[in-house]
Every structure is written in C-alpha cells, then in structure tokens.
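A short worksheet on the structure shown next.
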Amino acid sequence: MNLFKRISALALALVLALSLVACGGTKKDPAADGQLEKVTFVLDWAPNTNHTGLYVAQEKGYFKDAGLEVEIVQPPEDGAEMMVASGRAQFGVSFQDYLAAAYTGDTPLDISAVAAILQHNTSGIVSRKGEGMDTPKGLEGHKYATWDQPVEKATLRQVVEKDGGDFSKVEMIPSTVTDEVSALQSKSVDAIWIYYGWAGIACQVAGLETDYFMFKDIDPVFDFYTPIVIGNNQYLAEHPDTAKAFMAALSRGYQDAAADPEGAAQILLNACPELKDSANLIVESQKYLSKEYISDAARWGEIDAGRWGRFFTWLNDNNLVETPLEPTAGFTNDFLPTA
C-alpha cells in the first residue's frame, strides 16, 4: 500500500467513493427509525485488522447503545481525507503523514486527528532473511521498491545514513508491488516498505523467512501516528456530544479487540466474508495488533503532542511540505472518553 498517496489525487476519485459501501454496514432497525443519529465512517482501504475495533463496536451494539446508526463506507483508492473534509463522512481513517499534506498548500482540509488506532508506527523495511538487509546500511547494493515520493525517500535516506550507510548505493526500483510475499520470493525486489501488522504477518503465514527493521527503532522522529481516526472539524464543533458518544463506543470496540484478538478476528471475518480466504492472516494479524492498539498509552486513542510535533517539525526542517506546519496542530484528544 502506498504510504504517500498524493492529496491532490483524492479529489479526482472522490465522486467514485461516495457510492461504495463497505462490508458490514449497519442495517437499519425499523423499530428505531428516526431515533438513531446517522454517522458515516469511511475506511482508508478495504476492511482489514486496523479496522477491527470499528466492526466489534458495531457487532456488539456499542454504537446503537450510544444512539447512533453507523454506516461504514469504502473510499476511493486514494483515501478518506477529502470525503471527511467534504462532510460526506463525519469520521474516517487516515495517517499523520497524509494529514501533513492535507494541511498545506492553498486549500488545507478542515479535518483533525481524533484518535490513534495504533500507539506506535509499526512500518519498516522487510527483506528476505539472511541477505544482509536487517539494518538500513544493509540496503546498499540491493533493490528497494520505491514510490518515488519525497517524504519516503527522505525517511529512507535518514535511516540509512544514521546507520552509517551510503544512500546513493541503494538501488531504487519503481514499485509495482501488490503482493509483498510474491515480490520477495520472485526476487523482483529485495526490500519493501510495509506495515508489519499486515504484510509482515502475511510473510509469516506464507512461511517466508524475513528480516525486518522498524523506522522508529532507528530514529524516534519516525514514531509518528499511523493509522489514525480523523473527524470533520465543523461536525466536531457543531456536534461535540455526538462525536464524544461515537468515540466512546469506538474506544470500547478497540479495547475489546485488544483483550480478545481471536474473538475480534472472528467478528471481522463474519462482517466481511470476502476476507475468509485469508482467515489465518486475519487471526495472526489480530493477535499482533492486539498488543499495539493501546500499548504503553494510558488509554486507547491517546495522541502525544511531543511525538506528533516531532514528526511535523522534521517535515518542516527538511522542506517536505509546501508551507510550514504548526507542530502541535491537527489533532485533539478532547473527544476520547476520560475513563
């Protein structure tokens, strides 16, 4: 999955997104017509284990208990940001690096991060085991699948050089990767940027032995928030009680997914039957992510201002945004439950 899709492309695909409904959308209860308040939540991609807490909250009736009817929809390929900014969805899934692009330029998007789905950035570089790419310096002389995006290449350069390597010696191959396991097995590329909770676990399930390093372990500036829940700022301002009710129900769903990963995985599989061919991946991914949803935070969803601002400051310092970002702008913890 491309970590650095361009915000400008979102507008082109927005019209296509609005009619696509994701699996498991809440069915209307005829007895409750007119009583439940409608909330639309747009995913960042096809349903996966990043989204499990949403489906758990739906299945267990947490949204309905909060007086809400939640419709889950899929976005265009290029993301949810424009759909939330337009008000066609009140909430959605995004990433801190995407928001950096969304907040700069001539028409910044009126959206905010309202929760961290995972507490830490689990993304990094996967490679075939034993070929020397278990550290960034080891990428020298090997083929890396690149999206040719400035933030991506700046990140890679920084970790390679911090590890004592020469970034110019990394062979940058335009990425056509749709299946990381096949790409590594075929040796079409040697190294791929992935999220471990999905593609890394996929390699494990497939029996492919790999080496892996996380960016955050090389440099803490890269421990930014990915993925995150975003909200429409106007909606948050005009409907704060509804927003808090939604976030409280969503928080319960993620807490349950953390406490019972196998049960949560089954809820996701039941809601999204197209995932059943990947049931082993779903279960193993859920086990991995169950430890990442809350991790060392005091509560699910908490965003630390220091970590958030450190990444935005790095973008500013490296001239990777059109206009400078206010380091602590663009997020709020105000809609998370206090207990």
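Evaluated at q = 0.12, 0.15, 0.17 Å⁻¹, the base-10 log of the normalised Debye intensity for segment 140-228, with identical point scatterers placed on the Cα atoms, takes the values -0.38, -0.60, -0.78.
Note on K276: aspartates and glutamates with a C-alpha under 17 Å away, same-chain residues under 8 apart excluded, are E262, E284. Candidate cross-link partners of K153 among the lysines, defined by an alpha-carbon separation under 24 Å and a same-chain spacing of 8 or more, comprise K5, K129, K137, K143, K162, K169, K187, K216. Local charge for I294 was computed over the other residues whose Cβ lies under 14 Å away, with Lys and Arg +1 and Asp and Glu -1, and equals -3.
Which whole number in µm²/s is D for segment 201-339 by Stokes-Einstein, with the Kirkwood Rh taken over Cα pairs at 10 °C and 1.306 mPa s? Can you show the working numbers first?
Numbers: Rh = 17.6 Å.
D, rounded to a whole number, is 90 µm²/s.
Pop the C-beta distance of N316 and E262 into the FRET formula with R0 = 45 Å and round what comes out to the nearest 0.05.
Working: r = 43 Å, r/R0 = 0.96.
Efficiency for this residue pair is about 0.55.
Modelled this way, with points 7 Å down the Cα-to-C-beta line, the labels at E37 and S295 are 3.2 nm from one another.
Surface composition of the chain: carbon plus sulfur atoms contribute 48% of the solvent-accessible area (1.4 Å probe, protein chains only, all chains present).
Which whole-number value in Å² is the accessible area per residue of segment 129-185, probe 1.4 Å?
Details: 2840 Å² over 57 residues.
Spelled out: the 1.4 Å probe surface of segment 129-185, per residue, equals 50 Å².
Under the convention that each Lys and Arg Cβ holds +1 and each Asp and Glu Cβ holds -1, the size of the dipole of segment 55-149 around its Cα centre is about 380 debye.
Segment 119-148 and segment 205-222 have Cα centres separated by 7 Å. Projecting the Cα positions of T178, A258, L275 onto the charge dipole of the chain (unit charges on Cβ atoms of Lys, Arg, Asp and Glu, taken about the Cα centre) puts L275 furthest along the positive direction.
So for the chain, Kirkwood radius off the Cα pairs, Stokes-Einstein at 25 °C and 0.890 mPa s: how many µm² s⁻¹? Write out the running numbers ahead of the final one.
Details: Rh = 20.5 Å.
Using the Kirkwood radius from Cα pairs, D works out to 120 µm²/s.
Rolling a 1.4 Å probe over the protein heavy atoms leaves I294 with an accessible area of roughly 40 Å². Eigen-decomposition of the gyration tensor built on the alpha-carbon atoms of segment 87-185 gives equivalent ellipsoid semi-axes of 31, 16, 14 angstrom, largest listed first. Can you tell me what percent of all Cα-Cα pairs in segment 135-187 are more than 13 Å apart? For segment 135-187, the share of Cα pairs beyond 13 Å comes to 59 percent. Putting +1 on Lys and Arg Cβ atoms and -1 on Asp and Glu Cβ atoms, find which of P240, T226, Y212 reaches farthest to the positive end of the dipole of segment 189-271. Looking along the dipole axis, the top candidate is P240. Taking the charge dipole of the chain about its Cα centre, with +1 at Lys and Arg Cβ atoms and -1 at Asp and Glu Cβ atoms, the residue from A85, P337, G306 reaching farthest to the positive side is P337. Spatially, segment 56-116 and segment 277-339 are offset by 14 Å when compared through their Cα centroids.
If you take every DSSP beta bridge fully contained in the chain, what fraction is antiparallel? Give it as a percent rounded to 5. So the antiparallel bridges in the chain amount to around 60 percent. If one computes the Cα centroid of segment 163-184 and of segment 236-257, what distance in Å separates the two points? Result: 39 Å between the Cα centres.
The values are calculated or read from the model by the stated rules, or taken from the named source; none is laboratory data. Please read these numbers as outputs of a predicted model, since none were measured by experiment. All Cβ positions, even for glycine, are placed from backbone atoms using ideal geometry, and neighbour counts span all protein chains on display. When the accessible area is computed, the model is the full protein with side chains, heavy atoms only, and any ligands, DNA or RNA have been set aside. Shrake-Rupley method; radii C 1.70, N 1.55, O 1.52, S 1.80 Å.
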